[in-house]
């Protein structure tokens, strides 16, 4: 009996041999990692992480591994335990992403960043026939005249003096990535964000990219993005404008999961006409940030910027304006499927505006401080975000003795999403849009006697269907001060051919605007060959509809090198360009 007991216990005492592991990585046809892909080997299943990697215990020495993911073609491979698996799947990114990605932006090469961003469904572009105030972007047309909030490489950038557009500080093709945040997230960002928060980035995918293009617009630029350091230099010029810009970002680890970052931006632009009139503008900014990892990540940053313009472009009249900003904010957000978040920020903006058609120089300071907090829950079926922000807004200035004004605002927000099946989704969000008046609005005689914010409730409802393979469709309805309805479609008609489209009809009772904005975007993309894009779009110029066609084509010219040709309509001018693109 003793002998048998020792025989049975021996494997436990000596330690059982570990089961062999099957490890691997899943990428798409462009080398991008696929997160959340389902991997099955025999009866074992797992999912890839954010970097596209996976590991699981192998119950057999060899066999077939099956890999599948949403909006991808499934693949099966022969695998041997102990040997890494490298899988490449065809991902229909045009359908999966639903928005312009970095590859799209490099292919389209838009002269105006506003044109590129407005390919995002329901983003209305309202440009002006003159360089200033310039183009504004808004979701659902919520504030097509004033626009939403632009965050330029992490720095909120808006004109406190006149509310002129700040999008002119991006040279042609300098925009490398973009993200549009929903109106329901605006309560965390402040003024104008309820009409959409537009995150713009000039530092692209890891590696090197650049271009040298000539034609009606000459463009030269390069971006280098390495571990912990990224920089970009861009310049563009046409017969009526020139734009130059330099960006640099550094990120230094200071502990496990902690890092300090720094961002520097220097940009300038010049608009001119054949008669010697011009308008010069500049934007300079610096930001320092700190990130702490762990179970409760914390982010904090301090940013300063200065912007201004000066010239006589408008019928020889001299116009001058400048403003500077200081902002400090901090936020914390718990990790996991259920948790909370909180933000606090302080912003001070000082500026002036001088125009011979206006009496005196309008100057002043606007302060915006806020705290917000909320909770969230996320699952494959039900997700929700709910929060509330408290704002204190002050202003002081005028054309003579300073006039001090102040007000307070409570801004609640809730966003609920429900997916009864993987193919179906529905959401409803409610929040409030607000905008701080410009100094010109506040202090042009007769000066305002109180600080009146532009406020409007916003409710957005959506319902969508996706076959998880090649098709996604969606309908949207927005209510409040702005009434809007529309829909979008993303369809991979064939492996290399896709169609993306959206249309939105909206009317704003306060601004007195009503229009239809739309985009119909066809793409043929052979990763090893030709890429062709054609965009039939309807934007606004001076709040009037403007329909036009933009197109581009590129073909391989060598390793990481492509020949490019394209055309677009910018305001009322048709631009043609051709040259070389350097891809990561």
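Residue check: is residue 374 within 30 Å of residue 424 (Cβ to Cβ) and in contact (Cβ under 8 Å) with a residue 12 or more places away in the chain?
Yes: the conditions hold for residue 374.
If you go through region 456-467 one residue at a time, do you hit one that is within 30 Å of residue 397 (Cβ to Cβ) and surrounded by fewer than 18 Cβ atoms within 10 Å (Cβ to Cβ)?
yes
For the subset of region 422-439 comprising residues that are over 30 Å from residue 391 (Cα atoms) and in a loop (DSSP other than H, G, I, E, B), which member is modelled with the highest pLDDT?
That would be 423.
Residues that are buried (at least 16 other Cβ atoms within 10 Å of the Cβ) and farther than 23 Å from residue 161 by Cβ: does region 301-313 have at least one?
yes
Looking at (1) closer than 27 Å to residue 173 by Cα; (2) touching a residue at least 40 places away in the same chain (Cβ under 8 Å); (3) not in a strand (DSSP E or B), can you tell me which one residue 274 breaks?
(2)
What about residue 161, is it in contact with a strand residue (DSSP E or B) (Cβ under 6 Å, 6 or more places away or on another chain), assigned to a helix (DSSP H, G or I) and in the same structural domain as residue 195 (by TED's automatic domain parsing)?
So residue 161 does not fit the description; no.
Return the only residue of 227, 232 being in the same structural domain as residue 103 (by TED's automatic domain parsing) and at pLDDT below 90.
After applying the criteria, what remains is 227.
Which of (1) touching a residue at least 12 places away in the same chain (Cβ under 8 Å); (2) assigned to a strand (DSSP E or B) does residue 514 not meet, given it meets every other one?
Condition not satisfied by residue 514: (1).
Okay, residues lined up against (1) assigned by TED's automatic domain parsing to the domain that holds residue 349; (2) within 27 Å of residue 342 (Cβ to Cβ); (3) out of contact with any helix residue (DSSP H, G or I) (no Cβ under 8 Å at 6 or more places or on another chain):
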residue	(1), (2), (3)
363	yes, no, no
379	yes, yes, yes
391	yes, yes, yes
396	yes, no, yes
414	yes, yes, no
432	yes, yes, no
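Within region 171-220, considering only strands (runs of 3 or more DSSP E) that don't extend past its boundaries, which have at least 2 residues that are surrounded by fewer than 19 Cβ atoms within 10 Å (Cβ to Cβ) and assigned by TED's automatic domain parsing to the domain that holds residue 388?
The strands (runs of 3 or more DSSP E) meeting that bar are 177-181, 207-215.
If I go through region 500-511 residue by residue, how many of them are surrounded by 16 or more Cβ atoms within 10 Å (Cβ to Cβ) and either outside any strand (DSSP E or B) or within 22 Å of the chain's Cα centre (by Cα) (or both)?
So the count comes out to 6.
Restricted to region 122-158, and to residues that are without any contact (Cβ under 8 Å) to a residue 60 or more places away in the chain and assigned to a loop (DSSP other than H, G, I, E, B), which residue is nearest to residue 262 (Cα to Cα)?
158
Which one is nearest to residue 215 (Cα to Cα) among residues in region 563-579 that are within 26 Å of the chain's Cα centre (by Cα) and in contact (Cβ under 8 Å) with a residue 24 or more places away in the chain?
Among them, the one singled out is 577.
Filter region 246-272 down to residues that are over 14 Å from residue 290 (Cβ atoms) and loosely packed, with under 15 Cβ neighbours inside 10 Å, then give me how many there are.
Matching residues across region 246-272 total 1.
The values are calculated or read from the model by the stated rules, or taken from the named source; none is laboratory data. From a predicted model like this one, the values you see are computed outputs, not experimental measurements. Using ideal geometry, Cβ is built from the backbone for each residue, glycine included, and neighbour counts are taken over all protein chains shown.
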